[in-house]
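The values are calculated or read from the model by the stated rules, or taken from the named source; none is laboratory data. It should be emphasised that the depicted structure is a prediction, and the values quoted were computed from it without experimental measurement. Don't worry about glycine lacking a Cβ; one is built from the backbone with ideal geometry, like all the others, and counts go over all protein chains shown.
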Amino acid sequence: MSHADVRASSTESLPDLSAVSAKVRVSRILSGAIFFSVLGLIVITAIPYGTVDAWWKAFFVCAVFVLAILWIIESYLSERLFDNAWPLVLPVAALALFSFLQTVSFQAGAPPAGISLSTWKAISVDPYQTRFFVLQLLALVLAGVFISRYANTERRVMALVNVVICIAVASAIFGVLRQTTQTDVGFGLPLIKPEQGFAQFVNRNHFAY
């Protein structure tokens, strides 16, 4: 092969290398954005009553599913999806599918007298709430996948550990202040009542957990 052929071959490979490096850069940006977004989500979802309100649960689910779109794009660019998270994904996915099947109405029931709508015949007594449980379960397992997938450096693992410790310490301090000084309804959060729950949690056992 002549020198001219070698130069031509090298020139032809440059665009491919450029495309690969661009994919790597975009993948790294998305990786960091997803990871630190999950950390932020952990912080803000711990604040309002320990995330027991339906609207805040819905916010968490929607935020995780938005991050899931970025995760799919990043996985396509990096050609990696779950990595070692399969043991986490499969059992919970099976549970979510089992729960969803309990909400499926395979046969319409006869409507009661005076009602024109057919009844929803499903195994679940409350199909709507069961489906909301499925969405929450999928959101939680996706958040776990994101942490497993993107907490892949010592710096990120330490960031995750520090966030969890800071939330625990801040909640404990807030709980002690509530326990010793609160005399009326509302203590930073309007629905917090004296002698009920601990810190920002409505149920004191949730704080312990």
Q.
Suppose the filter is over 23 Å from SER78 (Cβ atoms) and modelled with pLDDT of 90 or more; does PHE133 pass it?
A. yes
Q. Can you tell me which residues in region 73-93 are in a helix (DSSP H, G or I) and under 23 Å from VAL134 (Cβ atoms)?
A. SER75, TRP86, PRO87, LEU88, VAL89, LEU90, PRO91, VAL92, ALA93
Q: Only residues that are part of a loop (DSSP other than H, G, I, E, B) and either in contact (Cβ under 8 Å) with a residue 12 or more places away in the chain or surrounded by 14 or more Cβ atoms within 10 Å (Cβ to Cβ) (or both): list them for region 34-72, please.
A: ALA46, ILE47, PRO48, TYR49, GLY50, THR51, VAL52
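With respect to TYR150, is the statement that it is at pLDDT 75 or above, more than 25 Å from ILE72 (Cα to Cα) and of a type in the set (Phe, Trp, Tyr) true?
Values: at pLDDT 75 or above: yes; more than 25 Å from ILE72 (Cα to Cα): no; of a type in the set (Phe, Trp, Tyr): yes.
Judged against the criteria, TYR150 is not a match.
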**Q.** Hits in region 146-204 - residues which are of a type in the set (D, E, K, R) and over 19 Å from the mean Cα position of the chain (by Cα)
**A.** GLU154, ARG155, ARG178, ASP184, LYS193, GLU195, ARG204
Q: Go through VAL26, VAL64 for me and flag whichever is under 30 Å from ASN203 (Cβ atoms), modelled with pLDDT of 75 or more and either of a type outside the set (Asp, Glu) or in contact with a Pro (Cβ under 7 Å, 6 or more places away or on another chain) (or both).
A: VAL64
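Does any residue of region 162-182 turn out to be in a loop (DSSP other than H, G, I, E, B) and not basic (Lys, Arg)?
There is at least one residue in region 162-182 that is in a loop (DSSP other than H, G, I, E, B) and not basic (Lys, Arg).
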(Q) When you scan region 154-165, do you find a residue that is farther than 21 Å from SER31 by Cβ and either in contact with a helix residue (DSSP H, G or I) (Cβ under 7 Å, 6 or more places away or on another chain) or in the same structural domain as PHE201 (by TED's automatic domain parsing) (or both), even just one? (A) yes
Q) Pairs under 7 Å by beta carbon, first residue over 18 Å from VAL43 (Cβ atoms) in region 134-163, partner assigned to a helix (DSSP H, G or I) and among the hydroxyl-bearing types (Ser, Thr, Tyr), six or more apart or different chains? A) VAL134/SER99
